[in-house]
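K.L.:
Below are the structure tokens for one structure; questions will follow.
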Amino acid sequence: MKIEERLDMEVNKMIKVKLTIVESDCRSGYHKNNDSYIVEDICPPICHELWNNIYPSVYVLLNGGSLDYGNTKEKKFEMKCPDNGRVVIRGEVFTVTKR
């Protein structure tokens, strides 16, 4: 494959972050197990407090970065909500090829 073709393929990839509710004992009943959201550039319809906690990690992933994940660097994260960890959310990168 020519370098121009490879560069063109890279330019046509769009990074997104998939958020999945792994565990939920949400006090408001807003989040349910296995709910999922795709983030491209704006906040999905999730709890404002949870979004404030995860946004820095989502931003890193949307911009091609990696995060500490145990003893390694990964393109994913897991966090608990600030309400005593009642909700656990996982974020992970996936790429979509633009057409």
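K.L.:
Is it fair to say Tyr30 is surrounded by 12 or more Cβ atoms within 10 Å (Cβ to Cβ) and out of contact with any strand residue (DSSP E or B) (no Cβ under 8 Å at 6 or more places or on another chain)?
P.N.:
Spelling it out, Tyr30 is indeed surrounded by 12 or more Cβ atoms within 10 Å (Cβ to Cβ) and out of contact with any strand residue (DSSP E or B) (no Cβ under 8 Å at 6 or more places or on another chain).
K.L.:
Another question about this same structure. Considering only residues of segment 33-44 that are out of contact with any strand residue (DSSP E or B) (no Cβ under 7 Å at 6 or more places or on another chain) and surrounded by fewer than 11 Cβ atoms within 10 Å (Cβ to Cβ), which is nearest to Asn84 (Cα to Cα)?
P.N.:
The extreme case among them is Ile42.
K.L.:
Scan segment 61-87 and report the pairs whose first residue is at positive phi and whose second residue is of a type outside the set (Ser, Thr, Tyr) and not in a loop (DSSP other than H, G, I, E, B), with Cβ atoms within less than 8 Å and a gap of 6+ or a chain change.
P.N.:
Gly64/Ile15
Bear in mind these aren't lab numbers, they're just calculated from the coordinates by the rules spelled out. Source: prediction; values computed, not measured. Glycine gets a Cβ as well: all are built from the backbone with ideal geometry, and neighbour counts include every protein chain shown.
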